[in-house]
Amino acid sequence: MKNQKGAALIVVLSLLTISLMVGLSSMQSSQIDERLAGNYRAQSQAQMGAEEAASTAWGNIDEIVDDDWVMLSELAYSDLESLTWQDLKDDGQPGGCQSPISCYYLYVDNDGDKYLVAMGAVDDGDVAVSEPVVVFLEPDGPRYVGPSAVHLPTGLDEDADIQWPNSQPSRINGNKKFGEDGYVPAMSLFDGGDGYLSKNNILDGIDNDKTGLEAGTLESSGQLDKAFIDAIKDIYEKYIAEDKSSGLVFHENGMTLSGASTAQGLHIVLNGSVTFNGNPSLGGALVVLDVKNLEDYKDSEKSIEHWELGPTIKLRLNGGGWQGSVWYDENIVKNALSPYGYSLESFFGDPENAGGESSPLRINTWQ
């Protein structure tokens, strides 16, 4: 019998060792996969909790009051997406999630723009925390509906050349404050966000109480009132084609009043520039917008979508008689619109629904 040197045993033991290593590796891989699956499940649960909280917040939107809105500037972060789970817990409201999932939502006001922000977590954030769900809200229709003494439907440039009235007789004069019968604000404007002056910007920048502009007489909207722009365009086409004689006047190259001159009617400025010098006054209403490609438009058959609209760049409203530099007169405006087939309601919107703060909100984007 030949001598046995144990080679087979060594081979078998080597194969067993390799098999054991492969088995251990597989077990470790399975554990990692299990943990990943658990983390993914927890993260998904947290994100679904955030969605549920946002849905709850939207479901309660009709019941909220002004005090429910938290100003973004009052929070630790100025960026909605940077809000943390602790921020939502500290300042938000429970979203109705069931343990081990918890969720909160917050109504946020960012300089007039309104949002819902919601987050969810598993085991109070010890296991998983969702990304913030941000829902941008906008008025369901124009926030402001109705006429005003001065209307800026395409907004006011943040770098505009502005001179507000600086004496009581030269104020912008609407007709009573919001909440009173016959309410017509001194001024209403579109708030286009970055690059535009908002209602709060204007109020913060006024250094006297003679302008006629305050919280109860100044309206702003975060939504461009396309129906109003369409009405201006329609009347402008008739104005060019028929040259109707009425108190409605379009100013293609800006409007200037000086000295002690007075004007009446509905005056619509199309190049975003108005200058009152001396002690002039306008009775009726003033509408100012900037159509940047007006000359191209006049020479073509283009539709309203091709108007390149921009904010007012110059608004100097010094002067004015005892009624104001611009003072609203309903009968003057009605008479100006009548030859063009428009009433106050069909042009500006229904004054009975004036006051955008009570306008219902709708979802613009959900992300």
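The values are calculated or read from the model by the stated rules, or taken from the named source; none is laboratory data. Keep in mind the model is a prediction, meaning the values are calculated, not measured. Here Cβ is always computed from backbone atoms with ideal geometry, including for glycine, and neighbour counts include all displayed protein chains. The protein model used for the area step is the full one, side chains on, heavy atoms only, and it has no ligands, DNA or RNA in it. Shrake-Rupley method; radii C 1.70, N 1.55, O 1.52, S 1.80 Å.
Can you show me the helix-derived [θ] at 222 nm for the chain, built from DSSP H runs with n ≥ 4 at -39,500 (n - 2.57) apiece and divided by the number of residues, rounded to the nearest 500.
Result for the chain, helices only: -9000 deg cm²/dmol.
Taking the highest mean first, how do the peptides 323-332, 55-64, 271-280 order by number of other beta carbon atoms within 10 angstrom per residue?
Numbers: 323-332: 21.6, 55-64: 14.9, 271-280: 20.0.
In descending order of packing, they fall as 323-332, 271-280, 55-64.
If packing is taken as the mean number of other Cβ atoms within 10 Å per residue, what is the order of 87-98, 211-222, highest first?
Highest to lowest by the protection proxy: 211-222, 87-98.
For each pair in K176/K226; K114/K334; K210/K334; K210/K238, compute the distance between the two Cα atoms and list the pairs where it is over 32 Å.
Working: K176/K226 26 Å; K114/K334 35 Å; K210/K334 28 Å; K210/K238 38 Å.
From the list (K176/K226; K114/K334; K210/K334; K210/K238), the Cα-Cα distance tops 32 Å for K114/K334; K210/K238.
Amide H to amide H under 5 Å from A128: which residues, 5+ apart in sequence or cross-chain, H placed 1.01 Å off N in plane?
Long-range HN contacts for A128: V122.
Please sort 187-193, 198-204 by packing, taking for each peptide the average over its residues of neighbouring beta carbons within 10 angstrom, highest first. Display every interim value, and only then the final one.
Values: 187-193: 24.3, 198-204: 16.1.
For the peptides 187-193, 198-204, the packing ranking is 187-193, 198-204.
Within the chain, what percent of beta bridges assigned by DSSP are antiparallel, to the nearest 5?
Details: 30 of 69 bridges.
Bridges in the chain are about 45 percent antiparallel.
What number comes out for accessible area per residue over the range 136-295 if the probe is 1.4 Å? Units Å², please.
39
Summing Lys, Arg as +1 and Asp, Glu as -1, what charge do residues with Cβ under 12 Å from the Cβ of T256 carry, T256 excluded? Walk me through the numbers before you get to the answer.
Numbers: positive: K314, R316; negative: none.
Neighbourhood net charge equals +2.
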